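Every read-out reported here was derived from the displayed coordinates using simple, explicitly stated rules and does not represent laboratory data. Source: prediction; values computed, not measured. FYI the Cβ positions are ideal-geometry reconstructions off the backbone, even for glycines, and counts take in every protein chain you see.
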Amino acid sequence: MTDPAVHRLAVGCLAACAAAAVLVPARPAPALPGPEANTTAVEILDRAREAAETQAFEGVVAVMWRDGRQQHSEQVPVRSAAGVLRFGDEVVGAGAHRMVHSTEGWLSLWGHDVATLGPSPTAKYRLAVEPGPDVAGRATDMVAVQLVGADRLRERLYVDRQSGLLLRRELLDSRGDAYRSVAFLAISNGTGVVAAAAGGAPRVTRSEEPAPARHLKAPYKIKSRIGTGYRLVGAYRANGVVQQFFSDGLHGLSVFEQRGHLGAAETTLVGESGRGREVEISDHTMRAYSASVGEAVVWESDGMVYTAVTDAPWTDLAGAVRDLPHADPPGRLRRVAQTVVSLFRWR
Amino acid sequence: MIPSGGYPRTPRHTGPGGQHLDDTLSAYLDDELAPAARHEAEAHLAGCVDCRAELDEVAAARRAIRILPVHATARPLVGIGPFVGHPRAPGAVRPATSRRRAVWALAAAVAAAIAVVLPRDPQVAPSLPSLADSHAARASITGDPLTQLAPIAVPVRFGP
């Protein structure tokens, strides 16, 4: 038999605990070691992706990157409503559509959903969630990113506890300083104002959407894995350019292949102001660029011009390039010989 | 009239001085002799009938060669030629060598023609801004659209 007094005491304790759980504000979760932390971090990042596409907000984002010793910083107004995400008057994302504004109007860069999402980031990274600082006046949870088996922090992502939006993302150098970041300077949720200002998706005047390239023949070379943990999640073709898109779960890496020989005028490669810098990868000289979007490297091999672009650190890009063709460009005599030989090759 | 065996010659020694001039005659005619050798040759010619006669002969032959019209060789490059079945003079070019040269010349001509005529691979100057846009567009579909798309909206994309 149970003593009624003891029973009342137990019920009272349970009620007190329940009341305390409701009344006491939730404390941010401390950094969790092991698989639980990974799971939590992945969920937080998934929610952030969803929030960016569904929530209404307005703000200003600062984009910072380092180009050698020089640091660049630019600000971009951002607003989102009714599923349309606008960056200034230049870039729009709406559902699976991506558009950029050009001199000829709005150019469509992407227009379809993708089936393959890519690998889980936990295969390559160790993720930990801990309380972060305020970003743009919002309390955040910080996702700390390390390579599995490494001690150094490589990246930090700050997620708004209230909205779930990713408010700041920064890549860190060996000293722990950010050398590339995208961060909200200000953000508000004025839904009505934002909705009125955002409008709908712009009318597209030209399309350069790539089509899926399922069967590519030589000289194109499809790789299923390159670099450290990058897996192929899609191959596409547009305007004679083949794009292979790889992902490691957190970052993307594109390899563009074009038939031909690299033009001599390197300043025209960029089409803007940069001349890039020479780098040595696997004993081959290539031209590298540091841009707002990330790192890029251009080279030539066996009658193909390769351009690799990534939002990941430079070391990831260099590692991936090592796994791609990079023969010395053939001389004119060798090209003639190759052409003559190819005439008699019937297979 | 020149006898069929040519002018009777006395035994000669090459070189300037008191010897007959022989090969020095060509150099003399071409004005290739050094001043001292030239004076020596002229002194010899003044006293040597044979060498003067040979000098006239060589000079006449040169003049004759210069005024000859230029004709294309009728000999076929490959196949039966005038050398076939005939004894070959010492030092004459052997037909096999000639054929090899002709084949190589033909091959070189074909290779040169191919190099000139065949279309060359195009020169490519990748547009990094547009490729970067394409990358960001694709990456924003499966990644975070905010942090992937904001960088391609900044006014300046590539540093100096």
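Can you compute the label reach from A:VAL204? Point 7 Å from Cα along the Cβ direction, backbone N cut-off under 19 Å, restricted to the stretch A:82-99. Within reach of a label on A:VAL204, which here means backbone N under 19 Å from a point 7 Å along Cα→Cβ, the stretch A:82-99 contributes A:83-87, A:89-99. Taking label points 7 Å from Cα along the Cα-to-Cβ direction, A:ASP283 and A:ALA82 give a separation of 6.1 nm.
Residue order for B:THR97, A:THR103, A:THR205, fewest other beta carbons within 10 angstrom first, comes to A:THR103, B:THR97, A:THR205. In terms of other Cβ atoms within 10 Å, A:GLU280, A:GLU53 run from fewest to most in the order A:GLU280, A:GLU53. Check cross-link reach from A:LYS124 to the lysines: straight Cα distance under 19 Å, and skip same-chain residues fewer than eight apart. Here the lysines satisfying the reach criterion relative to A:LYS124 are A:LYS223.
What net charge do the residues around A:SER163 carry, taking every other residue with its C-beta under 10 Å from that of A:SER163, with Lys and Arg at +1 and Asp and Glu at -1? The answer is +2. Among residues other than A:PRO210 with Cβ under 9 Å from its Cβ, the summed charge is 0 (Lys and Arg +1, Asp and Glu -1).
Of all aspartates and glutamates in the structure, those lying under 19 Å Cα to Cα from A:LYS221, and not within fewer than 8 positions of it along the same chain, are A:GLU257, A:GLU300, A:ASP302, A:ASP323, A:ASP328, B:ASP121. Taking other residues whose beta carbon is less than 11 angstrom from the beta carbon of A:SER188, and scoring Lys, Arg as +1 and Asp, Glu as -1, yields +1.
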